[in-house]
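Structure first, commentary second.
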Amino acid sequence: MHKDKTLDLICLGRAAVDMYSEQIGSRLEDVSSFAKYLGGSSGNMAFGTARLGLKSAMLTRVGNEHMGRFVKEELARAGVDTSHVITDPERL
């Protein structure tokens with residue numbers, strides 16, 4: 001194992017926002033509020049492994065809007081290297 005390695009893991013793929021009802025068990029028609037969380041299998045892996053102490057990075061693209069900013073900021077808060085998360089002004 002190299003002592004000078006900079007990353008333990010690079011996650012490539014989808015990072016998104018999951019919205020969950022705060023009224024557990026309610027029909028969607030009856031829900032009045034949602035909570036937002038980081039989503040996407042690759043995003044969740046980067047987030048979780050960083051929280052466990054690995055040097056994790058995420059390679060993906062997000063939109064230049066509120067959801068994209070949330071994804072990038074949430075990954076960074078967990079300690080994920082987001083230097084390769086590209087902000088795409090053309091897409092959500």
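Just how many pairs of Lys in the chain have C-alpha atoms closer than 20 Å, counting pairs that are eight or more places apart or on different chains?
Pairs that pass both the separation and distance tests number 4.
Looking only at Cα atoms, what is the convex hull volume of segment 53-92 per residue, in Å³?
Roughly 48 Å³ of hull volume per residue.
What are the ³J(HN,Hα) couplings of segment 76-92, residue after residue, when phi is run through the Karplus curve with 6.51, -1.76, 1.60 and θ = phi - 60°? Round to Hz, x for glycine and proline.
Result, rounded to whole Hz: 4, 4, 7, x, 6, 6, 9, 5, 10, 8, 8, 8, 9, x, 8, 9, 7.
Please list, ordered by chain and number, the residues whose modelled amide H lies under 5 Å from the amide H of GLY40; skip anything fewer than 5 residues away on the same chain.
Answer set, sorted by chain and number: ALA16.
Viscosity 1.002 mPa s, temperature 20 °C: Stokes-Einstein D of the chain from its Kirkwood Cα radius, in µm² per second?
151 µm²/s
Got a number for carbon plus sulfur as a percent of the chain's accessible area, 1.4 Å probe?
Carbon and sulfur: 55 percent of the exposed surface of the chain.
Given the options SER26, GLY39, THR6, identify the residue whose Cα lies farthest towards the positive end of the charge dipole of segment 1-43 (+1 on Cβ of Lys, Arg; -1 on Cβ of Asp, Glu).
Result: THR6, furthest along the dipole toward the positive end.
In whole Å, largest first, what are the principal axis extents of the Cα atoms in segment 23-65?
So the three principal-axis extents are 41, 27, 13 Å.
Taking the Cα centre of the chain as origin, sum charge times position over the Cβ atoms of Lys and Arg (+1) and Asp and Glu (-1), and report the length of that vector in debye to the nearest 20.
Result for the chain is approximately 360 debye, rounded to the nearest 20.
Please compute the contact order of the chain in relative form: average sequence separation of alpha-carbon pairs under 8 Å and at least six residues apart, divided by the residue count, as a percent.
Relative contact order, the chain: 29 percent.
The values are calculated or read from the model by the stated rules, or taken from the named source; none is laboratory data. Keep in mind it's a predicted model, so treat the numbers as computed, not measured. Quick reminder, even Gly has a Cβ in these numbers, built from the backbone with ideal geometry, and neighbours come from all protein chains shown. The accessibility values were calculated without ligands, DNA or RNA, using every heavy atom of the protein model including side chains. Shrake-Rupley method; radii C 1.70, N 1.55, O 1.52, S 1.80 Å.
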